[in-house]
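Below is one structure, written out as structure tokens; the observations come after it.
Quick note: the coordinates plus some simple rules give every number you see, no bench work behind them. No experiment lies behind these values; they were computed from the predicted model shown. Reconstructed Cβ throughout: ideal geometry from the backbone, glycine too, with neighbour counts over all protein chains shown.
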Amino acid sequence: MLPLTEAALATFILVMSRITGIFLVEPFFGSKTIPAQVKAALIMVLSLSLFPLVSIATDAAQINMVFILRIAYEVLIGVVIGFLFLAIFLAVQAAGSFIDLEMGFGLSQAMDPTGNVESTALSRLYYMLALVIFLMANGEQLLVKATVVSFTVFPAGSMVFPKTLAPGVLNVLSDVMLMAVKVAGPVVGALFIADVVFGVIARAVPQMNVFVIGFPVKIILGLVAVMVTMPLTVRVLQDLFVQLERILSQALA
């Protein structure tokens, strides 16, 4: 399947390096719950499938000391592409963390085995919700498509970064942060109004222990607000993943 030529071997190594970079940070295939053997098999299969579609310059096909820098370039490009997908899930987790902080769940952090980081209850819930919607929207196919398109924008082994890369990544991050505000805004707003009401009650009735009463009320109110706004959250995530192809095309233009 792999022609035994130096150019073919160099192309295969560069393609595999870029895909490896994507798998390092991409939220689904890069999850620590997937065994390393499975990841290696997926990287190998994708590399064998994509490398016939990739062409490289003659100087990039020579395996020498400079070739190590070309491998590092490919890994870096893969990390950038994977981060564009990861940013969406990080924003969703941030939205859940904001809500947990307002509800008083900020201290109830637990170790997340998928990322070896501490996360709160709602941040984990929103992350899993985003992952399910990502798979329903054929996000894994979009990931492969973005990988193929990246070889047109960033030729394999070229070690060239287009000037539009930084503005494109910033546009993606701005859209993602706007999505996080849409997800967390209604719930955080409702909890803020509750804080204002409890503040007024505390000034009007000093004898009442507002802290003891307000803490469970805010938890109940927050959970109700999350339930009420869950259809809106799902719709926002669906719209974002539908538009993800356009967002990526702008970032990789």
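Treating each Cα of the chain as an identical point scatterer and summing with the Debye formula, the log10 of I(q)/I(0) at q = 0.09, 0.12 Å⁻¹ comes to -0.50, -0.77. Between helix 121-136 and the chain there is an angle of about 40 degrees, using the helix long axis and the longest principal axis of the Cα atoms. With the helix formula -39500 (n - 2.57) applied to DSSP H stretches of n ≥ 4, the chain reaches a computed 222 nm mean residue ellipticity of -26000 deg cm²/dmol. Considering segment 1-49, its Cα convex hull presents a mean projected area of 3.4 nm². The H on the amide N of F154, modeled in the peptide plane, is under 5 Å from the matching H of no residue at least 5 residues off or on a different chain.
What angle do you read, to the nearest 10 degrees and between 0 and 90, between the alpha-carbon axis of helix 210-242 and the longest principal axis of the chain? Rounded to the nearest ten degrees, it is 30. Here the contact order of segment 1-90, divided by its residue count and restricted to Cα pairs under 8 Å and six or more residues apart, works out to 51 percent. Computed across segment 117-253, the Kirkwood radius stands at 18.2 Å (inverse of mean 1/r, all Cα pairs). Look at I193, I133, I22 and count the other Cβ atoms within 10 Å of each Cβ; fewest to most, that gives I193, I133, I22. Note on segment 194-238: the alpha carbon radius of gyration divided by the globular reference 2.2 N^0.38 Å gives 1.57. Dividing the Cα radius of gyration of segment 13-83 by its Kirkwood radius returns 1.00 for Rg/Rh.
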